[in-house]
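Below is one structure, written out as structure tokens; comments come after it.
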Amino acid sequence: AKVNAELIWFNGELMPWQNATVHVMSHALHYGSSVFEGIRAYETHKGTCIFRLEEHIERLFNSAKIYRMNIPYTPEEISQACKDAVVKNGLKSAYLRPLFFLGDIGMGLRPPTDAVADAMIAAFSWEAYLGAEAIEDGVNVGVSSWNRLAPNTMPTAAKAGGNYLSSQLISTEAARHGYTEGIALDVNNMVSEGAGQNLFLVRKGVIYTPPSSASILTGLTRDVVMTLAADLGYEVREETIARDALYVADEFFMTGTATEIVPVKTVDGLPVGTGSRGPVTKALQEAFFGIFDGTTEDKWGWLESVE
Ligand code: PMP
């Protein structure tokens, strides 16, 4: 197994990894008809907790709604299954991947209106997406030649499997050019997001991030950072960002569940600010990781115990 998840929750039951399989004629495999989430469970000062579980499950069901998928479970059942997947695998911290998909419902682009989605949840260990050292050292990124999805093509508010073909083009192109990650512009050539991360700039003490109209997935980590930043007294603006603003930013960082908060060291070969992690990025990282060790008070009820 390339992914080490011993017990996988599949259509209502936890089963051994090798039993959680699908048929080659699954609709999702042919046409991309799946929606999913990426969630983290942390070992915290009050035991193992899933971070913002309720909001992730809400986004999952909203993604399914956009694609008119029938889900035979309630959000509460899926939330409980997420907790079970962590506990029954004996994990203290984990990455969680719930996925709804159309299985063996027949071929053709118009799923029967009564077709019911399959559902799975895997919980497994997944270290920092861009590498453990990236949290402090930062990464080198480049602007991609691939634009993000246009709003009238595929909705970026849905975290749908098919959207990640765009992310794969962006990320693999970046790797070919020697970058750790790629940054995409939207169809208006304004800054959108990374292959799997939202973006933030800091200039003269003010924090900027592209608005939801810039073809982004409105990330939960993005929301966490905006909330923590406001709490720390920073001004945060959701504002359209032009490519050149990346080059003259004092700080630039990326956020995501898998990525957490990672500073950008260079963009298109130009150093960001001093070329090392800036003070605002550092303060936000400390506030973020502080939620898990208790040095940041969880005023928002973001930690949900798996017990
Ligand atoms: N944009 C894209 C395209 C993503 O895949 C992700 C990761 N889910 C994000 C942004 C960040 O979202 P979140 O903070 O909710 O993980």
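With both labels modelled 7 Å from their Cα along Cα-to-Cβ, the Asp137 to Asn189 distance reads 3.5 nm.
What residue among Asn140, Asn198, Asn188 shows peak mean-square fluctuation when the chain is described by a Gaussian network model with Cα springs under 10 Å? In the Gaussian network model the winner is Asn188.
Report the residues of the range 53-76 in range of a label on Ala1: point 7 Å along Cα→C-beta, backbone N strictly under 16 Å from it. Taking a point 7 Å out along Cα→Cβ of Ala1, no residue of the range 53-76 has its backbone N under 16 Å. Helix-only arithmetic for the chain: the sum of -39500 (n - 2.57) across DSSP H runs with n ≥ 4, divided by the residue total, places the mean residue ellipticity at 222 nm at -8000 deg cm²/dmol. Scaled against the 2.2 N^0.38 Å expected of a compact globular protein of N residues, the Cα radius of gyration of the range 222-306 reads 1.19. For the chain, a Gaussian network of Cα nodes joined below 10 Å ranks Leu220, Leu91, Leu165 by mean-square fluctuation, and the top entry is Leu165.
For Ser276, nonlocal amide neighbours, meaning residues 5 or more places apart or on other chains whose placed amide H falls under 5 Å from its own, do not occur.
Over 23 Å between Cα atoms, which of Lys88/Lys299; Lys46/Lys92; Lys159/Lys299; Lys2/Lys92; Lys46/Lys83; Lys2/Lys46 qualify? Over 23 Å apart, Cα to Cα: Lys88/Lys299; Lys159/Lys299; Lys2/Lys46. Kindly provide log₁₀ I(q)/I(0) values, in the same order as q = 0.18 Å⁻¹, from the Debye equation applied to equal alpha-carbon scatterers of the range 7-124. For the range 7-124, the Cα-only Debye profile gives -0.90. For the range 175-186, backbone phi angles converted through the Karplus equation (6.51, -1.76, 1.60; θ = phi - 60°) give residue-by-residue couplings of 5, 4, 8, x, 9, 6, 8, x, 10, 9, 8, 8 Hz, Gly and Pro being listed as x.
Ranked by how many other Cβ atoms sit within 10 Å of their own Cβ, fewest first, the residues Tyr42, Tyr247 fall in the order Tyr247, Tyr42. Taking a point 7 Å out from the Cα of Lys204 in the direction of its Cβ, the residues of the range 271-294 whose backbone N falls within less than 20 Å of it are 272-274, 278-281. Taking 7 Å steps out from each Cα toward its Cβ at Ser276 and His30 produces label points 5.6 nm apart.
Along the charge dipole of the chain, which of Gly108, Pro16, Leu246 sits closest to the positive end, that is, farthest toward it, with unit charges on the beta carbon of Lys, Arg, Asp and Glu (+1, +1, -1, -1)? Of Gly108, Pro16, Leu246, it is Gly108. In order along the range 271-286, phi translates into HN-Hα couplings of x, 8, x, 7, x, 9, 3, x, x, 6, 4, 5, 4, 6, 4, 5 Hz, rounded to whole numbers, per the Karplus curve 6.51 cos²θ - 1.76 cosθ + 1.60 with θ = phi - 60° and x for Gly and Pro.
For Val143, the amide hydrogen comes within under 5 Å of the amide hydrogens of Ile183, Asp268, counting only partners 5 or more places away or on other chains and with H modelled in the peptide plane.
Here's the picture: charge each Lys and Arg Cβ at +1 and each Asp and Glu Cβ at -1 in the chain, and of Ala123, Asn152, Ser93 the one pushed furthest to the positive end of that dipole is Asn152.
For the pair Thr113 and Ser125, the difference between a 0.36 nm per residue extended length and the Cα-Cα distance amounts to 0.7 nm.
In plain terms, the bigger the Kirkwood radius, the slower the diffusion; for the chain, with that radius from Cα pairs, at 25 °C and 0.890 mPa s, Stokes-Einstein puts D at 122 µm²/s.
The numbers here are math on the coordinates, done by the rules we state, and not lab data. These figures come from a predicted structure and were not determined experimentally. No Cβ is skipped: glycine too gets one built from the backbone with ideal geometry, and neighbour counts run over all protein chains shown.
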